[in-house]
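Visitor: What follows is a structure written as structure tokens; I'll ask about it next.
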Amino acid sequence: MIHEIFPVGPLQCNCSVIGDEQTREAVVIDPGDEIERVLEAVRRHGLKVKMIVITHAHIDHVGGAAKLKQATGAPILLNQNDSALLKMLDMQAAWVGMKAPGKVPIDASAGEGDKLRVGNVEGRIIHTPGHTEGSVCLYFEPEKKLIAGDTLFAGSIGRTDLPGGSLEKIMSSLHERVLALPDETVVIPGHGELTTIGRERETNPFLVE
Ligand SMILES: [Zn+2]
């Protein structure tokens with residue numbers, strides 16, 4: 001599996017480009033900004049983008065999605081529970097001082113248990129509400145990788161004080177869904193350093209009993 005991770009935009013959202021080495025089909029996760037860099041990675045690996053997945057509708061994760069869709073024709077997937085947040089993109093842009101990206105056309109919902117396939121690479125959607133109502137993680141079981149959005153960070157968890165946030169929900173998502181994954185799972189958080197489920201289970205101050 002081809003997997004490139006690079007931070008984009010002023011808030012340094014971790015964008016992932018994941019591709020199948022044989023078919024060269026790819027999925028881009030959280031193209032928040034700097035779409036030229038996303039397209040450069042796609043070209044460098046000779047990939048064709050088949051799908052764009054957004055972990056949640058915060059502007060630093062979804063801001064570049066429409067532009068990437070325009071460039072590739074790939075559909076955009078976002079959990080339907082974040083549609084209210086998506087309508088507030090202009091307001092979100094003002095909060096963080098980013099340029100409003102305009103309307104982001106969503107093609108399908110990324111729902112609990114949905115299997116997303118690009119070539120021979122298959123990921124599964126895990127609905128993890130709490131940071132936002134429609135927050136999802138993307139789990140690649142054979143590769144033991146979790147794209148966690150802003151649900152889990154190295155040493156921290158997603159904030160729950162923004163519209164749609166719930167501390168109760170994020171704690172139950174983390175304990176019941178995320179920590180249910182094997183310890184060796186590599187976690188790619190929405191921002192910052194990579195980690196593993198085992199390390200967070202042992203040392204994350206928000207998760208240790
Ligand atoms: Zn967020």
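Visitor: Suppose we filter 193, 200 for residues that are of a type outside the set (Phe, Trp, Tyr), farther than 28 Å from residue 50 by Cβ, more than 16 Å from the ligand (Cβ to nearest atom) and not in a loop (DSSP other than H, G, I, E, B); which single one remains?
Guide: Going through 193, 200 in turn, the sole match is 200.
Visitor: Moving on to the next point. Only one residue in 99, 87, 103, 115 is touching a strand residue (DSSP E or B) at 6+ places or on another chain (Cβ under 8 Å) and basic (Lys, Arg), so which one is that?
Guide: Going through 99, 87, 103, 115 in turn, the sole match is 115.
Visitor: From the set of residues in the range 143-187 that are acidic (Asp, Glu) and part of a helix (DSSP H, G or I), which is nearest to the ligand (Cβ to nearest atom)?
Guide: 168
Visitor: Quick check on this structure: which one of 124, 199, 159, 177 is more than 17 Å from the chain's Cα centre (by Cα) and over 18 Å from residue 6 (Cα atoms)?
Guide: 199
Visitor: If you don't mind, there's one more thing I want to ask. Among the residues of the range 117-134 satisfying the criterion of being closer than 24 Å to residue 89 by Cβ and in contact with an Asp or Glu (Cβ under 7 Å, 6 or more places away or on another chain), which is surrounded by the most Cβ atoms within 10 Å (Cβ to Cβ)?
Guide: Looking at residues that are closer than 24 Å to residue 89 by Cβ and in contact with an Asp or Glu (Cβ under 7 Å, 6 or more places away or on another chain), I get 132.
Visitor: Also, quick follow-up: Filter the range 5-32 down to the residues that are assigned to a loop (DSSP other than H, G, I, E, B) and crowded, with 24+ Cβ neighbours inside 10 Å, then identify the one that is nearest to the chain's Cα centre (by Cα).
Guide: 30
Visitor: Please go through (1) part of a helix (DSSP H, G or I); (2) away from the ligand (no atom under 16 Å from the Cβ); (3) crowded, with 19+ Cβ neighbours inside 10 Å for residue 92 and return the number of the only condition it doesn't satisfy.
Guide: The failed condition is (2).
Visitor: Under 6 Å by Cβ, and 6 or more places apart or on different chains, what pairs join a residue from the range 46-62 that is more than 17 Å from residue 130 (Cα to Cα) with one that is of a type in the set (Ser, Thr, Tyr)?
Guide: Hits for this filter: 49/72.
Residue by residue, here is whether (1) under 27 Å from residue 8 (Cα atoms); (2) modelled with pLDDT of 95 or more; (3) surrounded by 14 or more Cβ atoms within 10 Å (Cβ to Cβ) holds:
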residue: 157; (1), (2), (3): yes, yes, yes
residue: 171; (1), (2), (3): no, yes, yes
residue: 175; (1), (2), (3): no, yes, no
residue: 180; (1), (2), (3): no, yes, no
residue: 183; (1), (2), (3): no, yes, no
residue: 186; (1), (2), (3): yes, yes, yes
residue: 191; (1), (2), (3): yes, yes, yes
residue: 203; (1), (2), (3): no, yes, no
residue: 207; (1), (2), (3): no, yes, yes
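Visitor: For residue 57, all conditions in the list (1) farther than 11 Å from residue 104 by Cβ; (2) of a type in the set (A, V, I, L, M); (3) modelled with pLDDT of 95 or more hold save one; what is the number of the exception?
Guide: (1)
Visitor: Going through the range 38-59 one residue at a time, which ones are surrounded by 24 or more Cβ atoms within 10 Å (Cβ to Cβ) and either more than 16 Å from the ligand (Cβ to nearest atom) or not in a strand (DSSP E or B) (or both)?
Guide: 38, 47, 52, 54, 55, 56, 57, 58, 59
The values are calculated or read from the model by the stated rules, or taken from the named source; none is laboratory data. All values reported here derive from a predicted model rather than from experimental measurement. All Cβ positions, glycine included, derive from the backbone under ideal geometry; neighbour counts span all protein chains shown.
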